[in-house]
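Colleague: Starting off with a structure, shown below.
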Amino acid sequence: MGPKLVEYLLYEPEDTGILWIKFNRPERMNALIGTAEENGTVAKVGEYMRAGDDDPNIRVIVLTGVGRGFCSGADMKRDTPDAMKGENFPGDRGTSEGPDVAREHFFHGFTKLHRDIALIRKPTIAMINGPAVGSGMDMALHCDIRIGCEHTRLIGYQQLGQIMENGGSYYLPKMVGLGRALEFAYTGHLDAQRAYEWGLLNHLVSAEKLEETTRELCHRMLRTPPLVQWISKRIMRAALDSSLETTMVMTSNAGGILGGSEDAIEARRAFLEKRAAVFKGR
């Protein structure tokens, strides 16, 4: 069963095996609906991605924005009707008054929803077509790969008195090193060229080539057995907080299992027969 669709987030699966998930509030640079409510944008991103993860016809998931922006983060006008946002998720605390209300709300609700993106087993790509602000930047960092163009901007909420809350403070120093991460924490802005030089963007191309480059990468991914991708992703993400010894144990165990998979047998057979392999994720 597919996800429950909303107009401000598009769900566009293709016969190619690519699922496009698109922020769709171009008149507000794709600002979020809500925070940790059931129909909030971040919650729907996770729901859409899980639907793609469960669909055997989907191989790669691309997150991007309609119009000039990727996602401009929180809607500062705060005029979205409660009926559109829906109810808070059970366990999303922070509804009672007190000095700890903000931490409770973020830790048990909004931040957890961002984490869901990192748990998707299939490859995820953020095609950052414009500014990625606050939560928009965090969602891009939770994706596996980021592709940008000259319009790409990574922007935090530092100048509005806020820190990176939803995973960015974890990923940034691991991706670019502590000094550069702190430079961003102190300034809150990166243009496309600097983001590419720092390694936050895998590819930096012209806006005219952005979708083409993304599609080319997706099609290269389609030539690799799905199980190899899924297990590689889980091991490498776990390795961020693990040791060399533990990682080598995981790869040794996984390698032996993968070698006998249906897809591995098909890959070897296709190579010998000089034809394109047909993978089933088994």
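Colleague: Being crowded, with 16+ Cβ neighbours inside 10 Å and in a strand (DSSP E or B), is that true of even one residue in segment 26-38?
Modeller: yes
Colleague: Can you run down the residue pairs with Cβ atoms below 9 Å, 6 or more apart or on separate chains, where the first is in segment 205-225 and without any contact (Cβ under 8 Å) to a residue 60 or more places away in the chain and the partner is open to solvent by less than 20 Å² (accessible area, probe 1.4 Å) and among the acidic types (Asp, Glu)?
Modeller: Final answer for the pair search is PRO225/ASP263.
Colleague: Could you tell me which of the residues ARG121, ARG115, ARG146, ARG103 is of a type outside the set (A, V, I, L, M, F, W, C) and more than 15 Å from the chain's Cα centre (by Cα)?
Modeller: ARG103
Colleague: Return the pair list, or none, for Cβ contacts closer than 8 Å from residues in segment 41-54 that are over 17 Å from ASP138 (Cα atoms) to residues that are in a helix (DSSP H, G or I), at least 6 apart or on different chains.
Modeller: ARG50/ASP116
Colleague: If you don't mind, there's one more thing I want to ask. Name every residue in segment 39-68 that is open to solvent by 30 Å² or more (accessible area, probe 1.4 Å) and of a type outside the set (D, E, K, R), in order of residue number.
Modeller: Selection gives PRO56, ASN57, VAL66, GLY67.
Conditions (1) closer than 30 Å to GLY130 by Cα; (2) at pLDDT 90 or above; (3) small (Gly, Ala, Ser), marked per residue:
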residue: ALA181; (1), (2), (3): yes, yes, yes
residue: SER206; (1), (2), (3): yes, yes, yes
residue: GLU211; (1), (2), (3): yes, yes, no
residue: GLN229; (1), (2), (3): yes, yes, no
residue: ALA264; (1), (2), (3): no, no, yes
residue: ARG269; (1), (2), (3): no, no, no
residue: ALA277; (1), (2), (3): no, no, yes
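Colleague: A follow-up question, please. If TYR186 meets every condition in (1) in a helix (DSSP H, G or I); (2) surrounded by 15 or more Cβ atoms within 10 Å (Cβ to Cβ); (3) not aliphatic (A, V, I, L, M) apart from one, which number is that one?
Modeller: Unmet for TYR186, out of (1) in a helix (DSSP H, G or I); (2) surrounded by 15 or more Cβ atoms within 10 Å (Cβ to Cβ); (3) not aliphatic (A, V, I, L, M): (2).
Colleague: I'm checking my understanding of the structure. Among residues of segment 5-25 that are within 16 Å of MET84 (Cβ to Cβ) and outside any loop (DSSP other than H, G, I, E, B), which one is most open to solvent (accessible area, probe 1.4 Å)?
Modeller: Once the filter is applied, the top-ranked residue is VAL6.
Colleague: Suppose we filter segment 226-250 for residues that are free of Cβ contacts under 8 Å to residues at least 60 places away in the same chain and either more than 30 Å from THR16 (Cα to Cα) or under 19 Å from the mean Cα position of the chain (by Cα) (or both); how many remain?
Modeller: 16
Colleague: Right, here's the next one. I need a count of the residues in segment 165-198 that are touching a residue at least 24 places away in the same chain (Cβ under 8 Å) and under 16 Å from the mean Cα position of the chain (by Cα).
Modeller: Number of matching residues: 7.
The values are calculated or read from the model by the stated rules, or taken from the named source; none is laboratory data. Being a predicted model, the structure only gives us computed values, none of them experimental. Cβ: placed from backbone, ideal geometry, glycine included. Neighbour counts: every protein chain shown. Ligands, DNA and RNA are stripped out before the accessible areas are found, and what is left, the full protein with its side chains, is counted by its heavy atoms. Shrake-Rupley method; radii C 1.70, N 1.55, O 1.52, S 1.80 Å.
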